[in-house]
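Have a look at the structure below before the remarks.
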Amino acid sequence: MMVLYSGTTCPFSQRCRFVLFEKGMDFEIRDIDLYNKPEDIAVMNPYGQVPILVERDLILYESNIINEYIDERFPHPQLMPADPIMRARTRLFLYNFEKELFVHVSTLENRGISDEKQRDAARTSIRDRLAQLAPLLVKNKFMLGEDFSMLDVAIAPLLWRLEHYGIELPKSAAPIQKYAERLFSRPAYIEALTPSEKVMRR
Ligand SMILES: N[C@@H](CCC(=O)N[C@@H](CS)C(=O)NCC(=O)O)C(=O)O
């Protein structure tokens, strides 16, 4: 059985919890206190971070790598596109999300040394990038079109935290809000939320 070591407020862990519930197979989630990490976390992940997935002698870290593995082990419903060109484009998009959106998450999570100026710069970068993505969601139901995919999984935890991080989207980004509601109403999304995440949004 797969075991996921997960942070109860960690957006990256939330991605993996979301995929596990979408797949509907047997798994165990172990909550990790990030302020008092058990020693075995550093043994399993040299970067000392969650999420970590363990299945027999396989140990994986990095949310997107974990999620691609789960997707290949349990292909239904398939979250990476079947077509190689679309898969490559999806991976490029996932990379872009990390570089342009999630790179700012640690600043906003207030770990490390971020001051208010840095936090404001992070908020602006996220707001502007999301506003750029809005036109895509005018005609698309999901990031890739009609089908729910790994891109939707990857971005959902950030959209859930916008208010929590103090980010207000411009009116032009209304399609993003509608899209977010579509993601948040998925049964697997709701099941994957921890009590600490549930209270992040009113
Ligand atoms: N790129 C990683 C980021 C994981 C990450 O930043 N995890 C944070 C919690 S949200 C963590 O474990 N922090 C503990 C630490 O760095 O000591 C992923 O996608 O899995």
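The values are calculated or read from the model by the stated rules, or taken from the named source; none is laboratory data. For clarity, every value in this text was computed on a predicted model and none was experimentally measured. No Cβ is skipped: glycine too gets one built from the backbone with ideal geometry, and neighbour counts run over all protein chains shown.
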Revision key, fill the gap. Filter the stretch 46-56 for residues that are in contact with a strand residue (DSSP E or B) (Cβ under 9 Å, 6 or more places away or on another chain) and more than 12 Å from the ligand (Cβ to nearest atom); the one that is farthest from SER106 (Cα to Cα) is GLU55
Check your understanding: Out of curiosity, is ARG123 among the charged types (D, E, K, R), touching an Asp or Glu at 6+ places or on another chain (Cβ under 8 Å) and over 19 Å from CYS16 (Cα atoms)?
Key -> no
Study note, to complete from the structure: Apart from one, (1) over 18 Å from the mean Cα position of the chain (by Cα); (2) modelled with pLDDT of 95 or more; (3) under 30 Å from ILE70 (Cβ atoms) all hold for ASP128; the odd one out is (3)
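Conditions (1) more than 19 Å from THR194 (Cβ to Cβ); (2) within 10 Å of the ligand (Cβ to nearest atom); (3) of a type outside the set (Val, Ile, Thr), marked per residue:
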site	(1), (2), (3)
ARG30	no, no, yes
MET44	yes, no, yes
LEU58	yes, no, yes
ILE65	yes, yes, no
ILE70	no, no, no
Review point. Could you say which residue among ILE32, ILE59, ILE65, ILE41 is without any contact (Cβ under 8 Å) to a residue 40 or more places away in the chain, in contact with a strand residue (DSSP E or B) (Cβ under 8 Å, 6 or more places away or on another chain), surrounded by fewer than 16 Cβ atoms within 10 Å (Cβ to Cβ) and among the hydrophobic types (A, V, I, L, M, F, W, C)?
Key: ILE59
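Here is a yes/no grid of residues against (1) in a helix (DSSP H, G or I); (2) within 15 Å of the chain's Cα centre (by Cα); (3) modelled with pLDDT of 95 or more:
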site: LEU4; (1), (2), (3): no, yes, yes
site: TYR35; (1), (2), (3): no, no, no
site: ASN67; (1), (2), (3): yes, yes, yes
site: HIS76; (1), (2), (3): no, no, no
Review point. Out of all the residues in the stretch 75-88, is one or more over 14 Å from ALA192 (Cα atoms), within 16 Å of the ligand (Cβ to nearest atom) and out of contact with any Asp or Glu (no Cβ under 7 Å at 6 or more places or on another chain)?
Key: no
Check your understanding: Which of the residues spanning the stretch 89-141 are of a type in the set (Gly, Ala, Ser), surrounded by 14 or more Cβ atoms within 10 Å (Cβ to Cβ) and part of a loop (DSSP other than H, G, I, E, B)?
Key -> SER114, ALA134
Point to revise | Residues within the stretch 183-202 that are surrounded by 16 or more Cβ atoms within 10 Å (Cβ to Cβ) and over 14 Å from PRO11 (Cβ atoms), tallied | key: 2
Exercise for review: Test ILE85 against the stated conditions and say whether it is of a type in the set (A, V, I, L, M) and without any contact (Cβ under 8 Å) to a residue 24 or more places away in the chain.
Suggested key: yes
